[in-house]
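Each remark here refers to the structure printed beneath this line.
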2 protein chains.
Amino acid sequence: MNLPLGYLYSSTYAGIRQVEKDDLSVIVSGLPAKAAAVFTQNRVQAAPVRLSRRHLAATRGEVGAILINAGNANCATRTGDKVALACCKAAGAALRMPASYVLPASTGVIGVELDSKKIVDALPRLLGGLGPERFDDVANAIMTTDLVPKTAFAEVKLRRGTVRAAGMTKGSGMIHPRMATTLGFVMTDAAIPLPRLRLMLKRGVEKSYNRLSVDGDTSTNDTLILMANGASGVRPDEKEMLRVEAAITGVMESLARAIAKDGEGATKLITISVTGFSSDDAAGRIARSIANSPLVKTAVAGSDPNWGRILCAAGYAGVAFDPAKTDIFMQGVPVCRGGLAAPFSEQELKAKLDAPECEIRLSLRGKGKGSARFWTCDLTEGYIRINASYRT
Amino acid sequence: MNLPLGYLYSSTYAGIRQVEKDDLSVIVSGLPAKAAAVFTQNRVQAAPVRLSRRHLAATRGEVGAILINAGNANCATRTGDKVALACCKAAGAALRMPASYVLPASTGVIGVELDSKKIVDALPRLLGGLGPERFDDVANAIMTTDLVPKTAFAEVKLRRGTVRAAGMTKGSGMIHPRMATTLGFVMTDAAIPLPRLRLMLKRGVEKSYNRLSVDGDTSTNDTLILMANGASGVRPDEKEMLRVEAAITGVMESLARAIAKDGEGATKLITISVTGFSSDDAAGRIARSIANSPLVKTAVAGSDPNWGRILCAAGYAGVAFDPAKTDIFMQGVPVCRGGLAAPFSEQELKAKLDAPECEIRLSLRGKGKGSARFWTCDLTEGYIRINASYRT
């Protein structure tokens, strides 16, 4: 798959992580790009989140570079705001753009001072390594407890030429929707006006990042930035815009699925589909409740077709529905019909649930058109091992 | 501690569990008792929950016996309602009371038919064994994945004599507040009018069972029944009523703490105290959010003073507050002051967190008087082991 035109990437090791693995990276757009972004809804917001908001407001949605560090969230520290600003200033000076054209993003431990000197000192090395082909290096450098880098690509042929989109994301714990979750960066070389770009991001997030849960913890640093630099020279017409939006949404969905699949300790991706409710919102709340249930997630880990836990989790979602009209399917096999046990071969279904991807479908009988899809992962002993010893 | 007068207990093995361990039990009040009860708020409600509601309405809050089975939730089954009614009828006939004076309660797996014949056949053996001293046998027989039985006692000396209260409860998974959680039975021999008894239960639950979380799953069978049979011959006067209420609330708090302590796989009881918010409700939401965070719970499991996760969980509770005015203490040691890292000896605090009881305190600076206490437990690999294989 071809990368979008006009973006440069680089990563290096700045000494922020304890292990020597790239921890500082940058995405640069040759032309100033339009940028739309969503940030965490947590009341506790990291310094880079606050500064990114300010910068986007100051530039009216234009961006030249994103400077990302892993290994330290730059959150709840004395010097956080100063550190974030100093790094943007230094990067801006080196890239010959105003500091406000640089958006900072951080991920890692909360409450530990981040030393701006490490980042500033590493900038020459970082920027010296910029290249259009180093996309994967950045996808690797932004990882924390992730096991695999997460990227997604799309290409759309339009009347006047081809436009491309590429995205990368990180995160496998402290993952919960209700907003952009984790760090995510999506680049396109289509020319898209800012209001349209914002709409695309808003609608796309609703179908991707906001339909994702690993452990129900909403991080203090969540940031998702969508950039459009127009380097393809192609500005989609109104009809084509919808195709571009579909492609970009597809990239975001792939990234969200990849996060769930790489959830801390996860062995299985779980896709939850809910249909037949009065609204998409009601269906979404049911799906989220199932996705967040540790009992459902451990049952899937054990390949246990324990549908009672699914029905139970739906029951406490705060949505009115008639259990007697509820059907539940696991891996396509009906396990509950009208709220009651359906006959199925326990052994066969258990074997099917050993697959790396599991599907849970809950459907309400009747005329409701509200539906939702949600991604999560199983909950295993690995999650505990990772999180009982992450920091110290 | 003396048990309340006028109650008889018994338990037996009826063949509902696969392992031969008592699974059927009964609590009988010699005199008809006033009873107040709270039930699960899950939309999916087990047959015994529905029938108990009906019976309490029919008798206007009087009860003669509680018939409890473990090993099967009698929920989401074809014959659930019939089974629950048949068991109450048979028990009522044997005890010479209307069926409506018998409240059924069930706990165990969802979606598997419960055979009423097993229970009806076991009734002669069960009722033949009734005795005032068999309280602990019932506390044992209602357990599922519990490791230890959970009981609590109180005695209050009043002007005209002494009244006693005793409670038992079960549950270590599918535990979440917002309502009576799990099965709980509290008996007193004080004479308490029904409206007062209901008020006591309502206020007591708010301070005990509704301040408890193991895994955030609200069960379909949650039932908490408070009975007052007046067998002490003592009717507290208005002033004494408050002392009796305090004693009964104390019993419920002990039971709730015991559930958290015996949370599935738990090695530590965590008490979360939140102070300084605008209302008890706001403080409660903050406390609940911290209690439900898998990242906080795994950090405590690993004795990791990772206060950033605590601040983060407070941040997504949906309550407005200023992180810069937030202090956090773990085991009494300040770890965060004004939203920033406080200096503390990591090694010393780590050793303190190895204790079987851990305290997390979050306090907001200012004039707010709203506070809340909440109990939960750490999240360990044991929880996963238990729940990945509970049913099959």
Other protein chain Cβ atoms within 10 Å, averaged over every residue that makes up A:378-387: 6
Distances in nm between the label point of residue A:31 (7 Å along Cα→Cβ) and its equivalents in the other copies, shortest first, are 8.8
Check: the protein assembly as shown dipole with +1 on Lys, Arg Cβ and -1 on Asp, Glu Cβ, in debye: 2220 debye
Let's see if you can work this out: charge +1 on each Lys and Arg Cβ, -1 on each Asp and Glu Cβ, no other charges. What is the dipole magnitude of region A:1-124 about its Cα centre, in debye to the nearest 20? 420 debye
Excluding residues fewer than 8 positions from residue B:350 in its own chain, the lysines with Cα under 16 Å of it are B:268, B:297
Using the C-alpha gyration tensor of the protein assembly as shown, what are the square roots of 5 times its eigenvalues, in whole angstrom, with the largest one first? 53, 29, 20
For peptides B:256-263, B:274-281, sequence by mean Cβ density within 10 Å, most packed first: B:256-263, B:274-281
What average count of beta carbons from other chains do you get within 10 Å of the Cβ of residues in B:295-302? 6
For the protein assembly as shown, what does the helix formula give at 222 nm: sum of -39500 (n - 2.57) over DSSP H segments with n ≥ 4, over the residue count, nearest 500 deg cm²/dmol? -10500 deg cm²/dmol
Please report, in Å, the Rg and the Dmax of region A:233-282, where both are computed over Cα atoms only. 16.0, 44
Compactness relative to 2.2 N^0.38 Å, alpha carbon Rg of region A:290-387: 1.09
Determine by what factor the alpha-carbon radius of gyration of region A:200-353 differs from 2.2 N^0.38 Å, reporting the quotient. 1.24
Over all Cα pairs of region B:1-118, how is the pair count split among 10 Å bins, expressed in % and running from 0 up to the last occupied bin? 14, 46, 33, 7, 0
Just order A:349-359, A:369-379 by mean Cβ neighbour count inside 10 Å, highest at the front, would you? A:369-379, A:349-359
Tell me the net charge near residue A:63. Cut-off is 14 Å between Cβ atoms, residue A:63 excluded, with +1 for each Lys or Arg and -1 for each Asp or Glu. +4
Considering only Cα-Cα distances, which of the following residue pairs are longer than 22 Å: B:21/B:170; A:82/A:118; B:202/B:325? B:202/B:325
Counting other chain Cβ atoms within 10 Å of each Cβ in B:336-342 and taking the mean gives 4
Farthest toward positive dipole pole in the protein assembly as shown [+1 Lys/Arg, -1 Asp/Glu at C-beta], among B:336, B:190, A:256: B:190
Of the listed peptides B:301-309, A:307-315, what is their order by residue-averaged count of other C-beta atoms within 10 Å, with the highest listed first? A:307-315, B:301-309
Report the net charge of residues surrounding residue A:325, where surrounding means a beta-carbon distance below 12 angstrom and charges are Lys +1, Arg +1, Asp -1, Glu -1. +2
Please compute the net charge surrounding residue B:164, taking Lys and Arg as +1 and Asp and Glu as -1 over other residues with Cβ under 9 Å from its Cβ. -2
Please give the charge dipole size of region B:269-387, origin at the Cα centre, charges +1 on K and R Cβ atoms and -1 on D and E Cβ atoms. Round to the nearest 20 debye. 380 debye
Taking 25 Å as R0, compute the FRET efficiency from the Cβ-Cβ separation of residue A:58 and residue A:31 and round it to 0.05. 0.85
Taking a label point 7 Å out from Cα toward Cβ, give me the nm distances from residue B:15 to the same spot in the other copies, shortest first, one decimal. 7.5
Kindly state, as a whole number, the per residue volume in cubic angstrom of the convex hull around the alpha carbon atoms of region A:7-260. 104 Å³
Of all the residues in chain A, which one has the C-beta that comes nearest the axis relating A to B, and what is the distance in Å? A:381, 2
Global geometry of region B:35-98, whether rounded, prolate or oblate, following the gyration tensor of its Cα atoms and the 1.5 cut on a/c: oblate
Residues of region B:296-333 with backbone nitrogen within less than 14 Å of a virtual label 7 Å along the Cα-to-Cβ line of residue A:81, please, listed as ranges. B:323-325
Which of A:71, A:368, A:265 moves the most in a Gaussian network model of chain A with Cα springs under 10 Å? A:368
Eligible aspartates and glutamates near residue A:207 by straight Cα distance, threshold 13 Å, same-chain separation 8 or greater: A:245, A:253, A:280, A:281
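Each reported figure results from applying straightforward, stated rules to the coordinates on display, with no laboratory input. Computed from a predicted structure; not experimentally measured. A quick note on method: Cβ atoms are made from the backbone with ideal geometry, for glycine too, and the neighbour counts reach across all protein chains shown.
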